[in-house]
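Nothing in this text is a laboratory measurement; each read-out follows from the coordinates by a stated rule. Worth saying up front: this structure is predicted, and the values here are computed from it rather than measured. With ideal geometry, Cβ positions are generated from the backbone for all residues, glycine too; neighbour counts draw on all protein chains shown.
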There are 2 protein chains.
Amino acid sequence: MELTLQAPLDMHLHLRDTEMLENIAQASTHTFSGAIVMPNLVPPVSSKEEVIAYKERIMDSIGNENFIPYMTLFFKPDYDRVFLETIREKITAIKLYPAGITTNSEGGVSGFDVEELRPALEAMSDLNIPLCVHGETNGFVMDREAEFVSIYEKLAAAFPKLKIIMEHITTKESVAALDRFENLYATITIHHLLITLDDVAGGMLQPHLFCKPIAKRPEDKEALLKVALAAHPKVMFGSDSAPHPRHAKENCGCAAGVFTAPIALQLLVELFEKHHALDNLQAFVSDNAQQIYGVTPLNKTVTLEKKPFKVPTDYNGVVPMYAGEEIAYSIKEAK
Amino acid sequence: MELTLQAPLDMHLHLRDTEMLENIAQASTHTFSGAIVMPNLVPPVSSKEEVIAYKERIMDSIGNENFIPYMTLFFKPDYDRVFLETIREKITAIKLYPAGITTNSEGGVSGFDVEELRPALEAMSDLNIPLCVHGETNGFVMDREAEFVSIYEKLAAAFPKLKIIMEHITTKESVAALDRFENLYATITIHHLLITLDDVAGGMLQPHLFCKPIAKRPEDKEALLKVALAAHPKVMFGSDSAPHPRHAKENCGCAAGVFTAPIALQLLVELFEKHHALDNLQAFVSDNAQQIYGVTPLNKTVTLEKKPFKVPTDYNGVVPMYAGEEIAYSIKEAK
């Protein structure tokens, strides 16, 4: 069996910088037409110059023009309208991190006071800049995302024209919020469609499946699957593929992040086929995102075939999900 | 401040065998008068000869007579009355593992059919041999223990004279079951009184805090604290101290178990002091167990003092809880 996808998009991707960027850029982008690139570098990407320079480093590392990195800025409450107007054409979205919630998020937002955020978020709303949010509180690890839903709803109500993307959602509570506010959208990863906390910590502890937000309960996975397989028009694929060097994963105190980009499409085809939902895959991996973000991607086509693929044990030192295991689909061509 | 405990007992201890036994036996038993020793070796301890020989290896590894290993047998449904009568004086309890639920439990029980278990459990009941149980189903990792409570209750009702010890309980559901059946008892570890899943996977992933049953939710920890600090007469301290070599913990796919025995009493004193419950510690770490098991321990006394103790980074290659960190209490004397 073969399947061709038009302009697949990864609406949440970590490409990192310097040596790591060079190590994983090609493998992370090869099968995608474009990706929303996260800004949580050290220091975070927060000026026009940094956006431009980071985009150049990304294109240099990829080594070809057949991919669009949709650039983002690291949200700061003091961004004003003048600044945002000058940077508008260089970015596709702005990413908000609660302070300290994940890798390199120390400079994020500590409170969610609507009036404090109003100048920046109203300007973004007027300029039609989507707000991408890592939605977790500092609460108990299994409750963090569900607790954040009330903050999503507060922001959605206060800024009804602002597109708010709930990033890498993992819970039934986030899924339910999608339909309560017109301006709430979501990305979903492939790993959260495949695993629960059982896969991370139910047998041996699996550092390469440890991520933030952590994989949740079976009923949460079911809720995610339901909207992903139906290609609910407000959800999009975003891998949250997040490379760390092997030593930072297999150690005493392992970093959060699952590296999936090189095998994400293959896994998605297998998953959608299993659930008899292949007709919806094109929308989930591209069309919905084009609608939501209003982007027109490069005309890249990616053909997959049902032929076993042995996942490499690592990509330049970064261990992917299912390292060394066989998956059912291979990339035949990406052009 | 100083505090002296009379005959502290660890009612759930893993001493392993061969090289590991030699590496950790002294450190694991030094501050205790005795301990219930788990039988999950490879192969499991399941004959009189194996019990006697394992006890000898333990005593050889400890190198002194100032400790009693209370021996256990690995439960098998085909144990009959004749066999149990011949082994009665050599063992203190029999430990039941659901098949495949934790380290070296492959030969455990697969179903919990009361009639199938009746011959063995009625004989144990008549011979007053307590049944220690690792109470987890094969369900979702956060639900396994709560799901097992109905099995505890089924067994408790079917064998009302059989003492059933719910080992290393971690949930409010198990705590609640304690008072519903006269013949249900429980051990509680020090780590489950101190940590939740947040400490294991809320920040970086912490392999040295990964154990089975996994640490649960804050409200579960509170329920455990309540009965432990009150020295509820049906609960006893049992460390479930479970050594693994460093490479089996800090690796891709880490083994379950927290190594706590050498610092357990120090942590317990600190915890009970913090909660103004020091008056109940003697009951929690010894008196309750003596009552429940009907054992008369060696007259060992252990004196602790409020003096910082830097936990070693490892004990012969086994990394303890709080490795390299400072804790508030030290052992002054154990004799």
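At a glance:
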read-out: Principal axis dimensions, largest first and in whole angstrom, of region A:69-159 by Cα; value: 40, 28, 19
read-out: Alpha-carbon Rg with Dmax, taken over the protein assembly as shown, Å; value: 28.2, 89
read-out: Label geometry 7 Å along the beta-carbon vector: B:V42 inter-copy distances in nm; value: 3.9
read-out: Other protein chain Cβ atoms within 10 Å, averaged over every residue that makes up B:137-149; value: 3
read-out: Shortest-first nm distances, A:G203 label point to equivalent points in other copies (7 Å, Cα→Cβ); value: 3.0
read-out: Neighbourhood net charge (12 Å Cβ-Cβ; Lys/Arg +1, Asp/Glu -1) for B:E145; value: -1
read-out: Global form of region B:153-295, assessed from the alpha-carbon gyration tensor, a/c cut-off 1.5; value: prolate
read-out: Other protein chain Cβ atoms within 10 Å, averaged over every residue that makes up B:196-203; value: 6
read-out: Share antiparallel - DSSP beta bridges, region B:2-334, percent rounded to 5; value: 35
read-out: Gyration tensor verdict on region A:2-334 (Cα atoms; rounded if a/c is under 1.5, prolate if a/b is larger than b/c, oblate otherwise); value: rounded
read-out: Most to least packed among B:312-319, A:267-274 [average Cβ atoms within 10 Å]; value: A:267-274, B:312-319
read-out: Over 31 Å (Cα to Cα) - which of A:K154/A:K300; A:K216/B:K234; B:K274/B:K335; A:K221/A:K332; B:K48/B:K310; A:K172/A:K332 fall in this group; value: A:K154/A:K300; A:K216/B:K234; B:K48/B:K310; A:K172/A:K332
read-out: Mean ellipticity per residue at 222 nm, deg cm²/dmol - from DSSP H runs of n ≥ 4 across chain B, formula -39500 (n - 2.57); value: -9500 deg cm²/dmol
read-out: Label 7 Å beyond Cα on the Cβ vector: A:E333 copy-to-copy distances, nm; value: 8.5
read-out: Share, in percent, of DSSP beta bridges within the protein assembly as shown that are antiparallel, nearest 5; value: 35
read-out: Ordering of B:1-14, B:29-42 by packing [mean C-beta count within 10 Å, highest first]; value: B:29-42, B:1-14
read-out: For region A:9-116, the fraction of alpha-carbon pairs in successive 10 Å shells from zero, as %; value: 14, 46, 31, 8, 1
read-out: For B:204-212, mean number of other protein chain Cβ atoms within 10 Å; value: 5
read-out: Dipole magnitude of region A:132-255 about its Cα centre (Cβ charges: Lys, Arg +1; Asp, Glu -1), debye to nearest 20; value: 260
read-out: Net charge dipole size for region A:2-334 [Lys, Arg +1 and Asp, Glu -1 on Cβ; Debye, nearest 20]; value: 240
read-out: Listed peptides A:102-109, A:236-243 by packing density, highest first (mean Cβ within 10 Å); value: A:236-243, A:102-109
